[in-house]
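Notes follow once the structure below has been shown.
A short reminder: the numbers here are calculations on the coordinates, not readings from a lab. In this text, all values refer to a predicted model and were calculated from it rather than measured experimentally. Cβ placement follows ideal geometry from the backbone for every residue including glycine, while neighbour counts extend to all protein chains displayed.
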Amino acid sequence: MSDTIFAISSGAPPAAIGVIRISGSEAGSALRKLAGRDFTARRSSLTTLRDADGDTLDQALVLWFPGPATATGEDLAELHCHGGRAVLAAVSRALEAISGLRAAEAGEFTRRAFANGRIDLAEAEGLSELLSAETELQRAAAIQMAGGAFSDQVEAWRTAVLRLSAQLEAALDFSDEDDVSELPPQFAEGIGMLSQELEEWLSRPRAEKLGEGYRVVLAGPPNSGKSTLFNALIESEAAITSDIAGTTRDVIERNVAIASIPFSFVDTAGLRDESEDTIERIGIDRAREQFARADTVLWLGPEGEGPERAWEVAAKSDAPDYQAKPSADYILSATKGAGVDELKQGLVEAARVALPKPGEAALNARQHAVLSDAAQALRGAIDQGDPLLCAEELRQARGAFDRLIGRTTTEDMLDALFGRFCIGK
């Protein structure tokens, strides 16, 4: 943290503009060495950047932000240069030649923001998810986390637990009895309400689903139209289609967005009881394994023979040998496009129920596990007859809330998180 760091923080060159950020105690000195003068804080200035020999590097817009009220909590400078590779490389070399400066590591700017209290851990995780968002649903959920909505909620929970702890301490301190065997009714009611609120958060769809997408597996016997429907759903010729049985021998997976919702569509080998082809048998086994991972299975085979809760799809409705399904959920012809839009709409409606709602903060795996610890501690506090043990359970809940927003954490976990960021972030 004592080093001053720099990095290209804009997109990969070449580009119209290339932004180089400098953060640390020597940021102001480095700026003076490149530009030969001081700058008014938080006001853009056009200046010529020169190296140590006085050679011109570029004409750039310079922004100077004295700490601690900056993105990183340190003195911060931004050089908005022309975005050519040679220009950015030359300015970077000039910065590296200045004593006390070094190139930033992955995520180091954001890690400094966390270490200096500009953001908490939940906000940093939200920023990481925002940078990797590929759909509008992912962006909306990540912006809630990055903007501090979940952090505010955690602080509210923590404050509630502190109030409950204070009630418990008061009951212990002012009791006329040596042994307090019962707690006031409003105390148990308060824990119960807080515990219920945490359980509601834990029951929400997880953030990982936004990255993985709503998983739809197409299944059925050979030549049931799976690959043709798969291609129609993803609007690409990803799977080979043929009248020859067993053409698809392995799992084919493609990720697409429909109505801003991420989907993972999975085409599988045709299912049949016997096959002399070793490769095809392996494909059939893999197909069956996909059923357990699916959010929805589209069954294109004989009615009632698919996995439990599979959607019955009567495909190839335009074929001469078409066999109707009396209770089919969808009747379609993928080759002609008939019924495909209706199927897509049905999948979108199902995914909206299963995935986090637009703009709703969604817990990642770490947050879900830590919040589960807090919920377990609150349940333990409700069940405890001994006030001292109850106080310990409340302390455990507060510790879990602290871990959620990074008041207590480990270096290994921070390394893993910030290592996912790009160099300039």
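Observations on the structure shown:
- Protection proxy ranking, highest mean first, for peptides 55-63, 322-330: 55-63, 322-330, where packing is the per-residue count of other beta-carbon atoms within 10 Å, averaged.
- Multiplying the residue separation of residue 61 and residue 204 by 0.36 nm and removing their Cα-Cα distance gives an extension gain of 46.9 nm.
- Positive contributions from Lys and Arg (+1) and negative ones from Asp and Glu (-1), summed over other residues with Cβ under 13 Å from the Cβ of residue 65, come out at +1.
- Computed lengthening from residue 170 to residue 324, 0.36 nm per intervening residue step minus Cα-Cα distance: 48.2 nm
- Equivalent-ellipsoid semi-axes of the chain, from the Cα gyration tensor, Å, largest first: 49, 40, 16
- Stretch in the chain that is longest and holds no GluC sites (Glu not before Pro) that DSSP places in a loop and that have at most 15 other beta carbons within 10 Å: 1-104
- Full-extension gain in nm, residue 365 to residue 163, via 0.36 nm per residue minus C-alpha separation: 69.9 nm
- Summed residue charge, Cβ within 13 Å of residue 91's Cβ, Lys/Arg positive, Asp/Glu negative: 0
- Taking the helices alone, the chain has a mean residue ellipticity at 222 nm of -14000 deg cm²/dmol, built from -39,500 (n - 2.57) per DSSP H run of at least 4 residues and averaged over all its residues.
- For segment 4-119, the share of alpha carbon pairs falling in successive 5 Å distance bins from zero is 2, 13, 24, 26, 21, 11, 3, 0 percent.
- Formal net charge of residues neighbouring residue 11 (Cβ-Cβ distance under 13 Å; K, R +1; D, E -1): +2
- Between residue 3 and residue 345, the FRET efficiency from the beta-carbon distance, with R0 = 60 Å, is close to 0.65.
- Loop-resident sites, segment 1-49, for trypsin sites (Lys or Arg not before Pro), counting at most 14 other Cβ within 10 Å (DSSP): 37, 42, 43
- Spacing of the modelled spin labels on residue 115 and residue 388, each 7 Å from Cα toward Cβ, amounts to 4.2 nm.
- Take the Cα of residue 338, step 7 Å toward its Cβ, do the same at residue 289, and the gap between the two points is 3.8 nm.
- Alpha carbon convex hull of segment 322-425, projected area averaged over orientations, nm²: 14.0
- Per-pair calculated FRET efficiency, R0 = 60 Å: residue 308 and residue 102 via Cβ, rounded to 0.05: 0.55
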